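This report refers to the structure that appears directly beneath it.
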Amino acid sequence: MECLENIYIYDILMPICTTGPYDLLKSDGSSEIRNGVHHPLQFPQAPEDWCRDKTYEYMITWANRKAVQNALNIKEGTVTDAWTKCNSEHYQLGRNDSATYSYNVPSSVAYHKNFTEKSIRALVYSGDHDTAFPYVGTRKWIHSLNLSVDHTWAPWYVNNQVAGYKEAFVHGDYWLTYSAIKGAGHNPHETKPEQTLAMIDRWLNNSPLN
């Protein structure tokens, strides 16, 4: 843990935050002004020493602005608590109620096991630079389902470059594809949007990822 304490666990190549919160939003909640026009949904320019956690902090503050909620046509009174991007309480509360959910499911593996008896196509994917939920752990629980291997671990490509690695499993009418996106972190669509879109587009079209 000493070796990892200064590594950004959600994407090991990203810098950790070394500065305090940025005062990017005006306290009166006024809109950004670009070329003399108010843009309530516009993000102001980020400073050079930016880090991803600041993006998330800023997003929460931004989404809770009245001007933003009005611009998104959110009906008055439907947001009773402050909006948050992630329910982090469930890690501590187990199946107890939280502010976001009536209860938490500590593991979804049993549900995936039930799905294997259905006629379903499933796609599971990870970024291979995420240490919060490492892709090797995801592979482990997928292999614990004891499915037949349809395609073994192999690369897939975007623009003739390796975009990640995938394997496929089958059990009757149940098909599961697992993909680890190369160079992506906890949210692959943020750091590898082209590769993530190609993967999902191919899967939705029932085409091979490669």
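Model label sites at Ser108 and Trp50, defined 7 Å from Cα along the beta-carbon direction, differ in position by 2.9 nm. Highest-first packing order for the peptide set 122-135, 50-63 is 122-135, 50-63, based on the mean count of other beta carbon atoms within 10 Å. For the range 109-210, the share of accessible area belonging to carbon and sulfur comes to 51 percent (1.4 Å probe, ligands and nucleic acids excluded). The residues of the range 115-199 expose, per residue, 52 Å² of accessible area to a 1.4 Å probe. Taking each residue as 0.36 nm, the span from Lys66 to Val124 lengthens on full extension beyond its C-alpha to C-alpha distance by 17.3 nm.
For Asp81 and Asn205, a Förster radius of 41 Å and the Cβ-Cβ distance give a FRET efficiency of 0.55, rounded to the nearest 0.05.
The values are calculated or read from the model by the stated rules, or taken from the named source; none is laboratory data. For clarity, every value in this text was computed on a predicted model and none was experimentally measured. Reconstructed Cβ throughout: ideal geometry from the backbone, glycine too, with neighbour counts over all protein chains shown. Quick note on the areas: whole protein, heavy atoms, side chains included, nothing else; ligands and nucleic acids left out. Shrake-Rupley method; radii C 1.70, N 1.55, O 1.52, S 1.80 Å.
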